[in-house]
Amino acid sequence: MSAGLGAVKKAARAAAASVRNAAHDALKDSAPLALAARGLPVASQKKIVSGFYPYLSEISILPLFAKLVGEGWTTALPIVVGKELPLMFRRWVPGDALVSDLWDIQIPADTAPAVEPDVLLVPMLAFDRKGYRLGYGGGFYDRTLAKLRAVKLVTAIGVAYAGQEIDAVPHDAHDQPLDWIMTERETFKCV
């Protein structure tokens, strides 16, 4: 990534975090229920879906996860294993024990079985209609999606508050686009 793009992304992240915080304050109770009521835009066929345990002001997918478990999905959470590495995933269902990682993010214990997802629910700070997202800047989801897409068909679904949408997310060739976006208002296929 060029230094110029890095600076643009850093500024965009700061602005997006403020927007997400405001959306979270207003919608933290109703938005997760709206996601769960709608469900995923893809069929189960006994696939594995990874999600994320809400961190800071991220929208909660926990009610959606509970619904997916009831529909027969295998559910998992991501784990950062090292800088510049793809994520790994461990099986987890709501109610299973969690531990805190280095950043105080809740993750499954080491005893939970590792799995490889077919569908990834991806948190974000901002998104656009083309499927580009701003994350925290570590590139973990970009590396993970590139790795998985090289070996199988996976579906990446960004999950955020509708107010986190921006006209265009700054990106370069290493940024992996999402296939779908889910908000409390709508689910749409990225173009």
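You will find that of SER60, SER50, SER44, the residue that is farther than 17 Å from PHE140 by Cβ, under 12 Å from the mean Cα position of the chain (by Cα) and not β-branched (Val, Ile, Thr) is SER60 and no other.
Contact map, region 59-74: residues that are closer than 14 Å to MET182 by Cα and among the hydroxyl-bearing types (Ser, Thr, Tyr) paired with residues that are open to solvent by 10 Å² or more (accessible area, probe 1.4 Å) and not in a helix (DSSP H, G or I), Cβ distance under 7 Å, separation 6+ or inter-chain. Pairs shown: SER60/PRO54. Within region 54-67, restricting attention to residues that are buried (at least 19 other Cβ atoms within 10 Å of the Cβ) and hydrophobic (A, V, I, L, M, F, W, C), the residue that is nearest to TYR161 (Cα to Cα) is ILE59. Going by the conditions given, is VAL80 among the β-branched types (Val, Ile, Thr) and touching a strand residue (DSSP E or B) at 6+ places or on another chain (Cβ under 8 Å)? Taking the combined requirement at face value, the residue does not satisfy it. Note on region 83-96: among residues that are of a type in the set (A, V, I, L, M, F, W, C) and open to solvent by 50 Å² or more (accessible area, probe 1.4 Å), the one that is nearest to VAL49 (Cα to Cα) is MET88.
Given the structure, is PRO78 open to solvent by 20 Å² or more (accessible area, probe 1.4 Å), free of Cβ contacts under 8 Å to residues at least 60 places away in the same chain and within 22 Å of LYS46 (Cβ to Cβ)? Here the answer is no, as PRO78 does not meet what is asked.
For region 140-191, a residue qualifies if it is open to solvent by 40 Å² or more (accessible area, probe 1.4 Å), over 13 Å from ALA126 (Cβ atoms), touching an Asp or Glu at 6+ places or on another chain (Cβ under 9 Å) and part of a strand (DSSP E or B), and exactly one does: LYS189. Based on what the data block shows, is VAL99 of a type in the set (A, V, I, L, M) and open to solvent by less than 30 Å² (accessible area, probe 1.4 Å)? Considered against the rule, which asks whether it is of a type in the set (A, V, I, L, M) and open to solvent by less than 30 Å² (accessible area, probe 1.4 Å), VAL99 comes out as no. So which residues in region 63-114 are of a type in the set (Phe, Trp, Tyr) and under 15 Å from the mean Cα position of the chain (by Cα)? Answer for region 63-114, where residues must be of a type in the set (Phe, Trp, Tyr) and under 15 Å from the mean Cα position of the chain (by Cα): PHE65, PHE89. Scanning region 42-53 for residues that are open to solvent by less than 50 Å² (accessible area, probe 1.4 Å) and at pLDDT 95 or above turns up ILE48, VAL49, SER50, GLY51, PHE52. The set of residues from region 1-41 being of a type outside the set (A, V, I, L, M), out of contact with any strand residue (DSSP E or B) (no Cβ under 7 Å at 6 or more places or on another chain) and open to solvent by 30 Å² or more (accessible area, probe 1.4 Å) comprises SER2, GLY4, LYS10, SER18, ASN21, HIS24, ASP25, LYS28, ASP29, SER30.
The values are calculated or read from the model by the stated rules, or taken from the named source; none is laboratory data. None of the values given here were measured: they were computed from a predicted structure. No Cβ is skipped: glycine too gets one built from the backbone with ideal geometry, and neighbour counts run over all protein chains shown. To get the accessible areas, we keep the full protein, side chains included, count just its heavy atoms, and leave off ligands, DNA and RNA. Shrake-Rupley method; radii C 1.70, N 1.55, O 1.52, S 1.80 Å.
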